[in-house]
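The values are calculated or read from the model by the stated rules, or taken from the named source; none is laboratory data. Values in this document were obtained by computation on a predicted structure and should not be read as measured data. As a convention, Cβ positions derive from the backbone with ideal geometry for all residues, glycine included, and neighbour counts pool all protein chains shown.
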Amino acid sequence: MKATEQQSPEKYDLPKGYEFAEVEQRWYTHWLEEKTFSARMIEGKPSFSIVIPPPNVTGVLHIGHALNNTLQDLLVRYHRMKGENTLWVPGTDHAGIATQNVVERQLATENLTRHDLGREKFIERVWAWREEKGGTIINQLKRMGASCDWDRERFTMDEGLSKAVREVFVRLYKEGLIYKGDYIVNWCPRCHTALADDEVEHDPTDGKLYHIRYPYADGSGYVVVATTRPETMLGDTAVAVHPDDERYQHLKTIGISLPLTGRTIPVVFDHHVQREFGTGALKVTPAHDRDDYEIGLRHDLPRLKVMDDKGVMNAEAGKYAGLDRFACRKQIVSDLQEQGFLDKIEDYQHAVGKCYRCATVVEPTTSKQWFVSVRPLADKAVAAVQDGRINLYPATWQRTFYAWMENIRDWCISRQIWWGHRIPAWTCAACGEVIVEVTDPDVCPACGSANLHQETDVLDTWFSSALWPFSTLGWPEKTRELDFFYPTSVLITSFDILFFWVARMMMMGLHIMDEIPFHDVYLHALVRDKHGKKMSKSTGNVIDPLVMIGQYGTDAFRFTLTAFAAQGREIRLDEERIDGYRRFINKLWNAARFAQMHLKEADPAITAMTANPKILALAHRWILSRVNGAVKDVRAALDGYNFNEVASASYQFVWHEFCDWYLEWIKADLFSDDAVARDQAKAVLLSVLEQVLKLMHPITPFVTEEIWSQLPGERSSIMVEPFPEANAAWEDAEAESVMNLLMGVISGLRTIRTEAEVHPSAKIEAILICPDAAKRQILADYAPGVQAMVRAGSFSIVASATVPDDAGHALVQDVELVVPLKGLIDVAGELEKLARDQGKLEKELERIVGKLSNEKFMTNAPEAVVAKEREKEAEIRARLAKTLESTERMRKLS
RNA sequence: GGGCGAAUAGCUCAGCUGGGAGAGCAUCGGCCUUACAAGCCGAGGGUCACAGGUUCGAGCCCUGUUUCGCCCACCA
């Protein structure tokens, strides 16, 4: 065997680098086996609950899911550690059209359509697909470390939820809040279904704008209207003009004779019409245009449907009946031309709505659909936000929310597809009675006929997801889960479904449960690429969470998402940052490895030492005070949903205080012969490391659990450890202030050393000139520590001294640092730097003096601010004086 | 057209109730110093988009402008 370089001596138990893949797999399996994610319902404890925004069962984990679920897991783990009854309900959404599409595509490979199978067999096929493939995204969530209560996983089509859907539908129907009526919908003539607005894609398309002459009914002239869809003129039932448009006032009584058909139609006056567009006259086709439909309602116009559901002209189209809509368009144009009605044709680019699944041009058309009257429900939701029962984070969404709720239209809940909750309504073939019931009726309650036909439409997928917060907890049964966990604590989701989903959950929760569905809503940003572009497969800028996890580890990836999750801002994810946080995880790993090397033989009894920090040496008191500050910061950030601060507070503390200063400082103690010094160091090291692991566990569950399990003593999972609490006994302002001085001195001496290019291993001689006797005492007390950190040889602390000319020089507070460096000074460089310093100081001084001599400032500014300015003035004057002295000395050398 | 948001170091971003401009990465210099070279020590770098205003004091508040992004309605 080839002798490879053995970098990792046997004395460490942990590998040199953190090997995340193995650790993640091992711990997740362990957590599942131990059921540590299971919700407990213990009386007397506060509850914390989250329902997952159910991903589509067809979904694969994308970056948005990754962010969304990381933030949820962060909160869930935090609250679980706080000892609360904590539940995170997972599940998936049956995603009507999307899922039906997937299965239809599968069928297509077998040269089959759903119609070949028939409704029942097709639905069986979909269930079979779900059994086989529906778990993909759930397994991916597990790789993210999500601590969902998997035993409670739900599906919007499962038995319980289907029951909830029926209950709600029947109740709303009986309350008169669900009705069936005509409405204009986006109709796909190929798929034969209504499409929701978000299922229609608007493509800018090159088309024509046809200007058509509509003669006055009395033959006295004509008005030109413009349209991109001339075939719809067959369904025109009015011409509309603006009420204040003086050009057309005389038409009020005349009317229009519709070309080609000769029908007489009225002129209506409506504010919707833009006077500036074209001639300011608009043809109105209420049955085939959304806006026209609204105009038609306002003016009580008939709706004349001229096409069937395949996009073919019907009998109402007269001689054009039987023509496809586009063939009809050609024919109409040519007829208009022939008969002299065509004014002109212009090239025109406009947005054409297309079916998102088959790209067929969508035909707005009227059809019988089921609706929810949302006005009364919406009012309840608005009230809940207004009076603060529901809080939106960030609060800026409130305005948008209100605006949307004010303009809300009735919700079309029927879809002409097969996969979904079939509408529980039956029509009696004998007497026409409509029966809406929870249980399937056998006979008509009106006439006794058994000839009943169930509605073929299914419900909009959002209908079932609107019930998600209570249906997943067992409603309509009265369950303990509902008692403990409803209303849920917080909903975390992306803002793009605020209206589709969040608002509807509010409406349903408030109406059906008579209670809000959640207290808080945290709306996170969309994740974009580092340049702010939307991620899309065609742009090729997609960051795949699973690839990131494989490359950098789940913890690093989660930490990155958390660090980016600042409120109210889009997230531009930069892959380099993930690598940066991977290094941070590795840093933590190595700090633990270092600790482990000393703690292996640690006596658990010594850990009690941290209970009384006053007896401890300075560095220990300092780090305990600092970790206490970090605990406070992290808790406050978590409680306020300031996720990026959770990350930065942890990062800053662990790397730059715990590792950079504390671990370096206590090395001397850990290797010391002094047993007391050693024990203190071990005790505090262990204690602080434990705090750090617990503090970071919610963000980085795997590495913290792995390290935790390796620490001395019998340990159960870190997941069930109490989350750190602020400990007043650890607060020590004095230790922090002294350490600040010492760290300043150390940094100052290091700078002098580096600038003079003294080799790091060479000892330097340092003179600390300090007029303050108390400070001199402090410096003397901690001189060995400081010396060790800067590798100083001799080290003298004096009240005053003559500074040699060729010496490095710095000022920290009122301590002057002097390092004699015969012949090592870069005089020119020093002079340059001193001049720069001098400039800055003078400018700053000028500003402060200006302030302090400003009468208004002195009378208006608070006491504390003035005092601070005075202090600053004194400090800057002192530094300026020293700078001038140094300049003087440098000049002598040059 | 309506609404919302953003503009801070080369890049990606923090900056909370107005009170001395910060981080990470990148750059430059030095270091294998007994956890970590995936590391350590140090340095440089900003007219806080622009123009006004309020204030003793503005990155932060107000008005306007420019640029960018998003949402809604999309004009027949």
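The residues in the stretch A:468-514 that are under 22 Å from A:Thr99 (Cβ atoms), surrounded by fewer than 24 Cβ atoms within 10 Å (Cβ to Cβ) and touching a helix residue (DSSP H, G or I) at 6+ places or on another chain (Cβ under 8 Å) can be counted, and the count is 4. Every test in (1) more than 22 Å from A:Glu120 (Cβ to Cβ); (2) out of contact with any Ser or Thr (no Cβ under 8 Å at 6 or more places or on another chain); (3) in a loop (DSSP other than H, G, I, E, B) is passed by A:Thr439 save one, and that test is (1). Go through A:Lys872, A:Lys892, A:Lys868, A:Lys882 for me and flag whichever is exposed (fewer than 12 other Cβ atoms within 10 Å of the Cβ) and within 29 Å of A:His809 (Cβ to Cβ). Residue meeting the stated conditions: A:Lys892. Number of residues in the stretch A:370-402 that are touching a residue at least 60 places away in the same chain (Cβ under 8 Å) and acidic (Asp, Glu): the value is 0.
Is one or more of the residues making up the stretch A:313-320 under 24 Å from A:Gly221 (Cβ atoms), under 51 Å from the mean Cα position of the chain (by Cα) and aliphatic (A, V, I, L, M)? Spell out the reasoning first.
Looking only at the stretch A:313-320, we keep the residues that are under 24 Å from A:Gly221 (Cβ atoms), and these are none.
Within the stretch A:313-320 (the criterion being under 24 Å from A:Gly221 (Cβ atoms), under 51 Å from the mean Cα position of the chain (by Cα) and aliphatic (A, V, I, L, M)), the answer is no, since none of the residues qualifies.
Across the stretch A:390-407, the qualifying residues are those that are within 13 Å of RNA strand B (Cβ to nearest atom), of a type in the set (A, V, I, L, M) and buried (at least 18 other Cβ atoms within 10 Å of the Cβ), and the one among them that is farthest from A:Gln369 (Cα to Cα) is A:Leu392. Filtered by the rule that a residue be within 14 Å of RNA strand B (Cβ to nearest atom) and in a helix (DSSP H, G or I), the stretch A:249-296 gives A:Arg290, A:Asp291, A:Asp292, A:Tyr293, A:Glu294, A:Ile295, A:Gly296. Return yes or no: is A:Asn612 within 9 Å of RNA strand B (Cβ to nearest atom) and either under 23 Å from A:Ser747 (Cβ atoms) or surrounded by fewer than 22 Cβ atoms within 10 Å (Cβ to Cβ) (or both)? Against the criterion (within 9 Å of RNA strand B (Cβ to nearest atom) and either under 23 Å from A:Ser747 (Cβ atoms) or surrounded by fewer than 22 Cβ atoms within 10 Å (Cβ to Cβ) (or both)), A:Asn612 does not qualify. A:His211 fulfils the conditions (1) assigned to a strand (DSSP E or B); (2) under 24 Å from A:Arg409 (Cβ atoms); (3) modelled with pLDDT of 80 or more except for a single criterion, (2). Being assigned to a helix (DSSP H, G or I) and near RNA strand B (Cβ under 7 Å from one of its atoms) is the filter; apply it to the stretch A:653-674 and report the residue that is surrounded by the most Cβ atoms within 10 Å (Cβ to Cβ). The residue in question is A:Leu663.
Answer yes or no as to whether A:Ser737 is within 16 Å of RNA strand B (Cβ to nearest atom), polar (S, T, N, Q), surrounded by fewer than 19 Cβ atoms within 10 Å (Cβ to Cβ) and not in a helix (DSSP H, G or I). No; evaluated as a whole, the condition is false for this residue.
Taking strands (runs of 3 or more DSSP E) as the structural unit, those lying wholly within the stretch A:342-408 and holding at least 2 residues that are more than 31 Å from the chain's Cα centre (by Cα) and modelled with pLDDT of 85 or more correspond to A:342-355, A:363-372. Out of everything in the stretch A:579-595 that is over 16 Å from A:Ser650 (Cβ atoms) and buried (at least 19 other Cβ atoms within 10 Å of the Cβ), what residue ends up being nearest to the chain's Cα centre (by Cα)? Of everything passing the filter in the stretch A:579-595, A:Arg593 is nearest to the chain's Cα centre (by Cα). Would it be correct to say that A:Ala762 is exposed (fewer than 13 other Cβ atoms within 10 Å of the Cβ) and closer than 30 Å to A:Ala799 by Cβ? Yes.
If you filter the stretch A:145-177 down to residues that are in a helix (DSSP H, G or I) and aromatic (Phe, Trp, Tyr), you find that the one that is nearest to A:Trp27 (Cα to Cα) is A:Trp150.
Matching residues to (1) surrounded by fewer than 21 Cβ atoms within 10 Å (Cβ to Cβ); (2) over 37 Å from the mean Cα position of the chain (by Cα); (3) more than 26 Å from A:Val352 (Cβ to Cβ); (4) within 16 Å of RNA strand B (Cβ to nearest atom):
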| position | (1), (2), (3), (4) |
| --- | --- |
| A:Glu131 | yes, no, yes, no |
| A:Asn139 | yes, no, yes, no |
| A:Asp151 | yes, no, yes, no |
| A:Leu177 | yes, no, yes, no |
| A:Val185 | no, no, no, yes |
| A:Gly219 | yes, yes, yes, no |
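Residues in the stretch A:785-801 that are loosely packed, with under 15 Cβ neighbours inside 10 Å and modelled with pLDDT under 85 were compared, and the one that is nearest to A:Pro771 (Cα to Cα) is A:Ser794. Of A:Leu117, A:Leu107, A:Leu75, A:Leu67, all but one fail to be free of Cβ contacts under 8 Å to residues at least 12 places away in the same chain and out of contact with any Asp or Glu (no Cβ under 6 Å at 6 or more places or on another chain); the exception is A:Leu117. Candidates in the stretch A:632-652 are the residues that are of a type in the set (Ser, Thr, Tyr) and part of a helix (DSSP H, G or I); of these, the one that is farthest from RNA strand B (Cβ to nearest atom) is A:Ser650. For the stretch A:188-200, taking the residues that are loosely packed, with under 15 Cβ neighbours inside 10 Å and at pLDDT below 80, the one that is nearest to the chain's Cα centre (by Cα) is identified as A:Asp198.
For (1) within 22 Å of A:Leu841 (Cβ to Cβ); (2) of a type outside the set (Val, Ile, Thr); (3) within 14 Å of RNA strand B (Cβ to nearest atom), each residue gets a yes or a no:
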position	(1), (2), (3)
A:Ile746	no, no, yes
A:Val758	no, no, yes
A:Pro771	yes, yes, no
A:Lys775	no, yes, no
A:Val790	no, no, yes
A:Ser794	no, yes, no
A:Val798	no, no, no
A:Gly808	yes, yes, yes
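Name the single residue that is surrounded by the most Cβ atoms within 10 Å (Cβ to Cβ) among those in the stretch A:675-692 being within 14 Å of RNA strand B (Cβ to nearest atom) and more than 14 Å from A:Met597 (Cα to Cα). Filtering first and then ranking leaves A:Val688. Whether a residue is more than 27 Å from A:Pro376 (Cα to Cα) and either surrounded by fewer than 17 Cβ atoms within 10 Å (Cβ to Cβ) or in contact (Cβ under 8 Å) with a residue 60 or more places away in the chain (or both) was assessed, and A:Asn451 passes this test. Has the stretch A:743-754 got at least one residue that is in contact with a Phe, Trp or Tyr (Cβ under 7 Å, 6 or more places away or on another chain) and in contact (Cβ under 8 Å) with a residue 60 or more places away in the chain? Taking every residue of the stretch A:743-754 in turn, at least one turns out to be in contact with a Phe, Trp or Tyr (Cβ under 7 Å, 6 or more places away or on another chain) and in contact (Cβ under 8 Å) with a residue 60 or more places away in the chain.
When you scan the stretch A:844-877, how many residues do you find that are at pLDDT below 85, more than 9 Å from RNA strand B (Cβ to nearest atom) and under 21 Å from A:Leu817 (Cβ atoms)? The total comes to 0. Kindly establish whether A:Leu768 is assigned to a strand (DSSP E or B) and either more than 29 Å from A:Glu664 (Cα to Cα) or in contact (Cβ under 8 Å) with a residue 12 or more places away in the chain (or both). Against the criterion (assigned to a strand (DSSP E or B) and either more than 29 Å from A:Glu664 (Cα to Cα) or in contact (Cβ under 8 Å) with a residue 12 or more places away in the chain (or both)), A:Leu768 qualifies.
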